[in-house]
Structure formats: C-alpha cells, structure tokens
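Quick notes on the structure that follows.
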Amino acid sequence: MKKKHSKWRIVHLVTMIFVLCLSTIAVHPASASTTQPKREMRAVWISTVLNIDMKAGMNETQYTAWVRQTLDQLKANKLNTVIYQVRPTNDAMYPSKLAPWSTYITGKKQGTNPGYDPLAIMVEEAHKRGMELHAWMNPYRVTMSSQKLTDLAPDNVARKNPGWVVKYGKQYYLNPGLPEVQDYLVKTVKELVANYDIDAIHMDDYFYPYKIAKEAFPDQAAYKKYGGSFKKVEDWRRNNVNQLVKNLYIAIKDTKPHVQFGISPFGVWRNKSLDKTGSDTRAGVNNYDDLYADVRTWIKNGTVDYITPQIYWSRTLAVAKYGTLLDWWSHEVQTYAKTHPVNLYIGLADYKVGNDSDAAWKNKMELPSQITANRAEKSAAMGQMHFSLKSMQNNKLGYATIVNQQLYNYTALTPDISWSGDTIPAEPTFVQVTKEAAGRKIEIIDENITQPRKYVIYRFMGNEEGSYEDSRNIVDVVYNTNGFTTFVDKTALAKRSYTYGIMAVSATGVESETAFVVVEDE
C-alpha cells in the first residue's frame, strides 16, 4: 500500500491542522475469531407479508422511528445488508404506477395510501448507516390463502386482467406461462430500479408454487398456446422461469448496471436419486422438478449476481445435511459460473433455533456453527442471510448473542460484483480529521470525476499504517454523499493518536488501490 501522509498533502492542497487521536479496539470474548473475513454478506430478511417482521398501521413518524431503531440494532450487531420485502403479493411498499399500495403497510384495504414512502425511508436510513438495501419481490403471488380476488384493489392487474390469473389451492397467482405477465413483471422491476437507489433486486423461492397433492397447476391452456416445441409441460415451465430471470437481469443492468440481481432458491436443486449430479439428499421437494427453478442454468448463463440457497436444515439431519448441501452449492458456483462469477451466500434458518422437531436446533451453537462452516476454506460461500428479523430479535437460546459477539464482532464489507464493472476507483481527493467531544469527525472531500459509491474507513494505532486486509482495522463503511461525506468515529479516545486510511469503493464494490492517509504526530 502506497503511503500518502497528510503533512505532504497539507502543503499541496490546503492549509489545515489535523488533530488525530488513537482509539482502543474494543475488547471481545476470548473465543472470538481473529481471522474474520474482510468481505462477507451479513444480511437479514425483513418480511412484510402477513406482517411477519413489521406491524401495520404506523404513521410516518412511527414507521421512521421503527426503521431507525431496527437498523441501529442491526448495525450495532455488524450486519451490513437488509433485504426488505417490497412486493409481497403483487402490491407495493412504495408508490407505483403498476401496483397498488400493500395492505401490509396500512393494515387497511389494498390500495390505501399510507401518506409516505416506506421504501424511500428504508433506503435512506440504511445508507446513512453504511448498509445495503436489497428490494425483495415475489413475482407471481397475487394473494395469500386467506384472501379473495375481490379483496384486491380495483387497479390490481390481477383484477384488471383476470385472464392472467390462475387459482391453485387456496391462492391466486399470475400465470408464469403468459408473455404479457412476464412483460408486466419486467416493467415493475424497471420502475423500482429506476426510481430508488437500491443496491439489489432480490427474489426468493416462490416461482411456480409448491405442489399440492392431487391437484394439477391449471396452465394447460397457456401451454397449448405458447408451449411451441416443448414436448413436456415441465420443460416449458422451466423455460418460462429461465426467461423471466434472464429478462429481469437484462432490465436491471440496462437501467443501472451496478444494481445486483440475487435469488434465494429452495435449498435442494435435485436429489441424487433424480440426477447423478444432484446432491446426496432425500428432500421431499426439488427446485428443478417441483418449483421449475433451474438454478444451475441461471448460474451457467450468468443471469444472476448471487445465489442464496435456503439451507434450512441442521448439520445432522439425515435427509438433507447442512454440510452436504453447502459443499454441493459451492461446487455449483465453482464449476458452472461460465458467463461471470456468481456470489454464493447461504440462507440460514434462524426461525428454527429452539423451535423445531429436529433436536439439533435445541443446541444454541447449531446456527453459529453453520456460519463457521460457511467460512471454511473448502466452502465457496461469501456470507449468509438470516431468516428473519423477528427471529434474530427474539434470540432464542441466546444464539444471536453468540453470533454477534464471536462471529460478527468486526465490520465486514459486502462482496463485490466486479463483473458488472471492474474499474478501480481513485482515492478521495482530501480528508480532514478533527478532534471533537464525540470522537473524531472525518470529512471526506472527493472531487474525482467518477464518484465512488462508498468509503471504507480504516484506523491504525500510532503513526504507521497497518494491514488493509484485516477486518479488525475497519472502523466503518459509509456511503458517499455527493462528494462531501462526514463521519464521526465515536470509538476514538481523546488521549490516543491514530493513523486513518480512507479507501474508495465503486458501485460494484471494487476498492481503490491506495488510501488517503492521515497521520498525526504522537
């Protein structure tokens, strides 16, 4: 790392006095890992459907207070990403020209305007804390089992275009086999990406619905009309999903190339009994055969930036062991990512801790041990996503305390997606650090033509730089605010001196090669 000392910069840039003080690094449990990854996805799903993680009926002041309190706690626990469900049932948690307001924000009839923009507030508050915001959508689901079509807003496309809708079991869905449905879904995503400064579009495991015994999915008319050369309806269904995934990816990248597209599929692609290249599992559901989600094809074709298989089983469950599936998915992304690499994250079942028939979940170390397995050398996993917020907050058996104190006790950057843009950003133009009662005020001035999306603030004891690869040296990650960014390092102590190194991070997560370094005499 090339050193650039502030004393030299003062002469050449502006007359200033830097007052820096060294802070002590927080004391952590003896069992804490000292080799934590510098980059790791640490995300939590915030589920709005059925108000699982967010209550309905809050006014703007109450909602904003809830968002701030929630994100403050997640930030304190060193999570770096929130996955916020913004389209739970063909509705929207934001003002949209293509979908009605969700009932889950107001608690009232679908289409009722809450009088504020929940997504805009969530994006702004997440970015204020240096956290990414992934907007989570469910493409085909129109209702939950307790709802009727007449419960939907009159301008819901499912009511305006009843021919787009099929009923399966007790729920209604948009028919994945109709081109007009696919066109509509692409438009909704383009609107979302264009209007909000989100970091990713996220979809979960609900493609074609989970199968119901002795009930056929009613898409025979669409298959007859659009099936074309497909001899089997199953192959046609998989192609429908593949086309949607591809077209969504293209639409996202055409709108904002840095916005990621991630999918969190069911944890088993295919059992080995069905396909010799499948996993050595005996799961009752398979992505490929039951949900028509051919995840391998998405990885091969490079139509996703990340995959988060929901490995919601313990390390000892005979029919689907966690380690077996972790190894299988690691092999997938290492073998089949042909067009561009695909980041692998793992969906973790926080909701099962202390609350499942599998006795393994009565051990408070089950989920922490899964995170440790994700970090093992043979694993390709680059982090994890926790389902869901409510379960993390409930902290059954104290498992989340263990995660926070022993596994997430240092800050981590989110993994990059350099295949969407590998330009290395320049370091910021100038940095000033000022001693204040609250700690150190760090002002980052950036006059580069191409602006970075974020900055990483590193801090080292004394008057020498240390390792920029050691997560223990990261104070925080902050979003760039139009070339003048301010951050207060509240953990810095007045009687100690420090060296700060400020790195720029591009919109695709690429870090600058050099840091702007500020050194103060002891």
Check your understanding: Quick one: of the DSSP bridges fully inside the chain, what percent are antiparallel, nearest 5?
Key -> 50
Check your understanding: Where only protein heavy atoms count, and the probe is 1.4 Å, what is the accessible area per residue for the chain in Å²?
Key -> 41
Point to revise | the range 125-206 - Rg (one decimal) and Dmax (whole number), Cα, Å | key: 14.9, 44
Check your understanding: Counting other Cβ atoms within 10 Å of each Cβ, which trypsin sites (Lys or Arg not before Pro) in the range 317-377 have at most 11 and sit in a DSSP loop?
Key -> Lys338
Study note, to complete from the structure: For the chain, longest principal axis from Cα atoms; helix 322-336 axis from its Cα atoms; angle between them, nearest 10 degrees, is 90
Revision key, fill the gap. Simple spin-label estimate for Lys378/Ala216, 7 Å along Cα→Cβ, in nm, reads 4.5
**Study point:** Amide N proximity, the range 486-509 versus Thr450 label position 7 Å along Cα-to-Cβ, cut-off under 19 Å
**Key:** 503-509
**Study point:** the range 285-354 shape via C-alpha gyration tensor axes, a/c threshold 1.5
**Key:** prolate
Practice item. Measure off, as a whole percent, the carbon and sulfur share of the 1.4 Å-probe accessible area of the chain, all protein chains present. Key: 51
Point to revise | 0 to 90° range, to nearest 10: angle between helix 118-128 axis and the chain longest Cα axis | key: 30
Revision key, fill the gap. Helix 179-195 sits off the longest principal axis of the Cα atoms of the chain, rounded to the nearest 10 on a 0 to 90 degree scale, by 20
Point to revise | ³J(HN,Hα) computed for each position of the range 58-69 - Karplus, 6.51 cos²θ - 1.76 cosθ + 1.60, integer Hz, glycine/proline x | key: 6, 7, 4, 5, 5, 5, 4, 5, 5, 4, 5, 5
Exercise for review: Give the cross-link partners of Lys362 among the aspartates and glutamates, using a straight C-alpha distance below 19 Å as the criterion and excluding same-chain residues fewer than 8 apart.
Suggested key: Asp350
Revision key, fill the gap. Here the FRET efficiency for Asp358 versus Lys246, based on Cβ atoms and R0 = 35 Å and rounded to 0.05, is 0.45
Review point. Expressed as a whole number of Å, what is the distance separating the alpha-carbon centroids of the range 66-90 and the range 382-406?
Key: 13
Practice item. Compare Ile371, Ile449 by solvent-accessible area with a 1.4 Å probe and give them largest first, with all protein chains kept in place. Key: Ile449, Ile371
Check your understanding: What is the sum of charges around Lys38, taking Lys and Arg as +1, Asp and Glu as -1, for the other residues whose C-beta is under 9 Å from the C-beta of Lys38?
Key -> -2
**Study point:** Principal axis box of the range 106-265, alpha-carbon based, largest edge first, Å
**Key:** 51, 36, 27
Check your understanding: By DSSP, what percent of the beta bridges with both residues in the range 112-249 are antiparallel, rounded to the nearest 5?
Key -> 60
Revision key, fill the gap. Ordering 240-250, 198-208 by per-residue average of other C-beta atoms within 10 angstrom, highest first, gives 198-208, 240-250
Revision key, fill the gap. Here the residues of the range 48-83 lying in the modelled label zone of Thr112, meaning backbone nitrogen under 19 Å from a point 7 Å along Cα-to-Cβ, are 48-64
**Study point:** Inter-label distance, nm, simple model (7 Å from Cα along the C-beta direction), Ala120/Asn482
**Key:** 1.5
Check your understanding: Probe 1.4 Å, all protein chains in place: accessible area of Arg68 in Å², nearest 10?
Key -> 100
Check your understanding: Of Thr486, Val519, Ile474, which is farthest on the positive side of the dipole of the range 449-522, counting Cα position, with +1 on Lys and Arg Cβ, -1 on Asp and Glu Cβ, and the Cα centre as origin?
Key -> Thr486
**Study point:** Relative contact order (%) - the chain, alpha-carbon pairs under 8 angstrom, separation at least six
**Key:** 18
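For a Förster distance of 30 Å, can you work out the FRET efficiency between the beta-carbons of Trp66 and Ser145, rounded to the nearest 0.05?
0.65
Once you charge only the Cβ atoms, +1 for Lys and Arg and -1 for Asp and Glu, what is the size of the charge dipole of the range 262-411 about its Cα centre, to the nearest 20 debye?
Computed about the Cα centre, the dipole is about 220 debye.
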Study note, to complete from the structure: One quarter of the C-alpha convex hull surface, i.e. the mean projected area of the chain in nm², amounts to 25.2
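The values are calculated or read from the model by the stated rules, or taken from the named source; none is laboratory data. What you see is a predicted model; the values in this text were computed from it and never measured. Virtual Cβ from ideal backbone geometry, glycine too; neighbours counted across all protein chains shown. Heads up: the accessible areas ignore ligands, DNA and RNA and are worked out on the full protein's heavy atoms, side chains in. Shrake-Rupley method; radii C 1.70, N 1.55, O 1.52, S 1.80 Å.
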